[in-house]
Ligand SMILES: Cc1cc2nc3c(=O)[nH]c(=O)nc-3n(C[C@H](O)[C@H](O)[C@H](O)COP(=O)(O)OP(=O)(O)OC[C@H]3O[C@@H](n4cnc5c(N)ncnc54)[C@H](O)[C@@H]3O)c2cc1C
C-alpha cells in the first residue's frame, strides 16, 4: 500500500464504524478526535478492523500513534507495505 | 472443543457481548438453555397470536445521529442501522396519583410545563435537578452510596412530586425496595424522562432477529437448549493478586473464597466445553451457584433481588383509542405515598404500570388492541400455592389489574377476546433469575468482575437494565476485557 492508500484504508474503516461522519475534509496533521466524534471505544474498533482486514496487530500502548492520519501513515506504513487495499464501507 | 469465549444466556446482554466478541475475531458460542433467544425480553406464541414477553417500551429513545446517547452508542458498536429498528415514538405517558397527573413524552418541554402547572413552586428546583444530573461520562452503573430519595427530598419542598418522579423510574429499573441509588436514578431519569419511549415495528422479535443475524454474520455460534450446569474453575495460582487492576476485587475475595481461573463449562447434557473466558448473563447469585462452592464463599452479599412482578395481557377487538385512551403508559399509585416493595399479598393492586403498544407512531398498524398491566408481586407467596389455587389466584390478580386499569386509564372489562397472565414463577422458570427478580440483585458489579479470572458478569447484575441497558452492558464489559487483553496479550 502507498501512503495515499493507507489514508484511504483508514478513512474506509472510519466510514464503516461511523457511517454518518463527513470524512472528505479530514486534515492529516490534526487529531482525528478533534475533527470527528470518535471515542476510545471507536479506536478499539479501528484496531479491530486493521487486524481483520490486514492481519495487523496494534498493541494498546501504540494506540496513540494512530491519533492523526499522519501518525497512521507513519506507524502503519511498514506494516501495510506489502498488503492490498480493501474497501468495505457503504460509502 | 476450545473456545476463546463462551457466553451464558442469549438475552440482550449476551447477544450484545457475543456480537462484540465475534467482531474482535474471537471464537465464541452463546449457550442458551431455552428454545428461543431474548431472555426477559423475548416472544411467544399463544392462541394463534405472537406476544412480546416483556416489551412495554424501548427506553432511551434517541433519533438517528445522536451518537453520544446510549442508543446511538450501541447501534454504532454493533453496526446496526438506526432505520433498521423502525422505531415509532410514544404519544404521551403519565404518572397518575389520586387527583393529580404529570404527563411526559419524548419532548422534555411537556414534562417541564406539567411540573410548572401542577407544582408551580418547584419549577426552579426541577431546572436545578436537570442541571445537576450526572452525565453519562460519570454513569457506569456503580453505586454512589447516596439515596435518591434523600437527594430529592433536599431539592423539592413537595413530597408528592418526589414520589411521582420516583414511580416510573422504580418500575422500569429499580432493583431494590423503596429507593434508588443516586447513580441509578440518574441513568433511569435520562432513559425515561430525557430520552423517552419508542416501539420497534413488529415488537421485540425483529430486533432480536437482527441481533442474531449480526452475531452469526460475524461468525458467532448460537446454541439453544444448551443449559449450563456447571462452570469449571481451576483452583490455585493466585494470579489475581499479581495484577494491579485486580487488587480491589482480590481483597474482597480474601475473606474465605478461593482464587481461581475459569476453564470452561459443563452443559446439562454432560458435554464439556473449554474456554479462555466465560461471560455470564444468568445473574450474580445464579452464576455463583454454577461455580464450585469454595469460590462462592465470602463474596459479600449474594441474596437474590427482592422485586418481582405480575403482569396481565388483555387482547381486545377494539383499539385503546376507541375505548378512550390515546396514551402510551400510565404509572399509577392510589395514595400520595409510593411504596415500591415486595407486597405482603400475592400482588399489590395499589400501584403499577398500564400500557399499550397501540399508540406509538409506528409504521405498522396493529389489528387488535392490547393492554398490559404490571403489578408488584411476592415471589414466595406465589410459590407457596398449590397448582389449583395458583390458577385461581392468577385469574383473581388479573381482575385486580383490570380494575386498576379502568380507574387510572381505560376499561377493557367484558371486552377481552384473549387473556394471558404471568407471575414471578413464570419469570423465574423462563429466565432462571432467582426469585423472578426482573432487575436482579440489589448489589451490582459494575466492572463485571467476579473474582474468578476469566469469568465476567454481563447484563442485569452488572448494573445496566432494560433493552438498551442490557445491550450496553454486554458491549461495555467485552470492550473493557479487550482493552485489558490488548495490553497483556501482545
Ligand atoms: C415483564 C418484563 C417487562 C419488561 N419490559 C421492558 C421494557 O418494556 N423495556 C425495557 O427496556 N426493558 C424491559 N424489561 C427489562 C429487560 O427485559 C431486561 O432488563 C433485559 O432484557 C435483561 O437482559 P439480560 O441479558 O441482562 O438478562 P436475561 O434477559 O435474563 O438473559 C439471561 C439469559 O440467560 C439464560 N440462562 C440463565 N441461566 C442459564 C444457564 N445456566 N445456562 C444457559 N442459559 C441460561 C436465560 O434463559 C436468559 O435467556 C422487562 C422485563 C420484564 C421481565
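Where a number appears in this text, it was derived from the coordinates with a stated rule and is not lab data. The structure presented is a predicted model; accordingly, all values stated were derived computationally and were not measured. Virtual Cβ from ideal backbone geometry, glycine too; neighbours counted across all protein chains shown.
Return the Cα extents of segment B:306-438 along principal axes one, two and three, sorted largest first, each rounded to a whole Å.
Answer, in whole Å and largest first: 41, 33, 27 Å.
Relative to 2.2 N^0.38 Å, what does the C-alpha radius of gyration of chain B come to as a ratio? Two decimals please.
My calculation over the Cα atoms of chain B gives 0.96.
Would you mind computing, in nm to one decimal, how far apart the modelled labels at residue B:144 and residue B:224 are, each placed 7 Å from Cα along Cα→Cβ?
4.3
So for the pair residue B:2, residue B:274, with labels modelled 7 Å out along Cα→Cβ, what separation do we get in nm?
The answer from the label model is 0.5 nm.
Between rounded, prolate and oblate, where does the protein assembly as shown land on the alpha carbon gyration tensor, with a ≥ b ≥ c its root eigenvalues, rounded for a/c under 1.5, else prolate if a/b exceeds b/c?
prolate
How long is the gain from residue B:128 to residue B:317 if the chain were fully straight, where each residue apart is worth 0.36 nm and the alpha carbon distance is subtracted?
63.5 nm
Under the classification rounded if a/c is under 1.5, otherwise prolate if a/b is larger than b/c and oblate if not, where does segment A:3-79 fall, given a ≥ b ≥ c as square roots of the Cα gyration tensor eigenvalues?
rounded
Which of B:44, B:340 has the fewest other C-beta atoms within 10 Å, and how do the rest follow up to the most?
Least crowded to most crowded, the residues run B:44, B:340.
Tell me the mean residue ellipticity at 222 nm calculated for the protein assembly as shown from its helices only (DSSP H runs of n ≥ 4, each -39500 (n - 2.57), averaged over every residue, nearest 500).
That calculation yields -11000 deg cm²/dmol at 222 nm.
Counting pairs of alpha carbon atoms under 8 Å apart in space and at least six apart in sequence, what relative contact order in percent does chain A give?
Relative contact order of chain A: 51 percent.
Take the Cα of residue A:29, step 7 Å along the line toward its Cβ, and report every residue of segment A:55-91 whose backbone nitrogen sits under 17 Å from that point.
A:67-75
Could you list the square roots of 5 times each eigenvalue of the Cα gyration tensor of segment B:157-227, that is, the equivalent ellipsoid semi-axes, sorted largest first and rounded to whole Å?
Ellipsoid half-lengths, sorted descending, are 36, 15, 11 Å.
Rounded to the nearest 0.05, what FRET efficiency do residue B:337 and residue A:61 give with R0 = 35 Å and r taken as the Cβ-Cβ distance? Could you check?
0.05
Residue B:108 versus residue B:137, label points 7 Å from Cα toward the beta carbon: distance in nm?
Output for this residue pair reads 1.7 nm.
Given a Förster distance of 41 Å, report the FRET efficiency between residue B:216 and residue B:386 from their Cβ-Cβ distance, rounded to the nearest 0.05.
Between residue B:216 and residue B:386 the formula returns 0.40.
Over chain B, what is the relative contact order in percent, taking alpha-carbon pairs closer than 8 angstrom and at least six residues apart?
RCO, chain B: 23 percent.
For the Cα atoms of chain B, what angle does the longest principal axis make with the long axis of helix B:12-23, in degrees from 0 to 90, nearest 10?
Helix B:12-23 sits roughly 40 degrees off the main axis of chain B.
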